Amino acid sequence: MVKPGGYVFFSTINRNAKAFLFAIVGAEYVLNMLPRGTHQYAKLIKPSEIARYCRATGLDFVQTKGLEYNPLTRHYWLSANTSVNYLVATQKTERVSNHAEDKLTAT
């Protein structure tokens, strides 16, 4: 639960061929950065899907950033590229007061 005006952050992996190749095959099977089977392709989520789910629960998108990694330098950085790993910042919609409710609470 988050109060109106509060923030919720997500970090996840996109569901597409590039993400499958880099995050699952590359990270789990080639580079052995994670145990095999850590990620399940069917459970990955596209940015458009997370946006829809967030809007349905009263969370507004604030910003989306890609998270990139270079295995040779072991360097991570934020970018505009959300094709593999990405982060999402959302904010709970402020409650809009109803005039009828305002009158009830004023008495």
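The values are calculated or read from the model by the stated rules, or taken from the named source; none is laboratory data. Fair warning: this is a prediction, and the values are worked out from it, not measured in the lab. When we count neighbours, we look across all protein chains shown, and the Cβ atoms used for this are built from the backbone with ideal geometry, even at glycine.
Here is how the numbers come out for the structure above:
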quantity: Complete set of residues in the range 51-92 that are in contact with a strand residue (DSSP E or B) (Cβ under 7 Å, 6 or more places away or on another chain), in a helix (DSSP H, G or I) and not small (G, A, S); calculated: C54
quantity: Long-range neighbours under 7 Å by Cβ, at least six apart or interchain, first residue touching a residue at least 24 places away in the same chain (Cβ under 8 Å) within the range 70-93, second outside any loop (DSSP other than H, G, I, E, B) and of a type in the set (D, E, K, R); calculated: S83/K18; V84/K18; Y86/K65; L87/K65; T90/D60; Q91/D60; T93/D60
quantity: Unique residue being over 18 Å from the mean Cα position of the chain (by Cα), within 30 Å of E94 (Cα to Cα) and in a loop (DSSP other than H, G, I, E, B) when the list is P35, P4; calculated: P4
quantity: Criterion violated by F22 - all others in (1) modelled with pLDDT under 95; (2) under 24 Å from T90 (Cβ atoms); (3) crowded, with 16+ Cβ neighbours inside 10 Å satisfied; calculated: (2)
quantity: Filtered residue count, the range 12-32, keeping only those that are within 18 Å of the chain's Cα centre (by Cα) and part of a loop (DSSP other than H, G, I, E, B); calculated: 3
quantity: Pair list, Cβ under 8 Å, 6 or more apart: the range 5-16 residue over 12 Å from L87 (Cβ atoms), other residue part of a loop (DSSP other than H, G, I, E, B) and hydrophobic (A, V, I, L, M, F, W, C); calculated: R15/L44; R15/I45
quantity: From Y53, Y29, residue being more than 25 Å from L72 (Cα to Cα) and modelled with pLDDT under 95; calculated: Y53
quantity: Residue that is modelled with the lowest pLDDT, among those in the range 74-107 that are under 24 Å from N32 (Cβ atoms) and exposed (fewer than 10 other Cβ atoms within 10 Å of the Cβ); calculated: R74
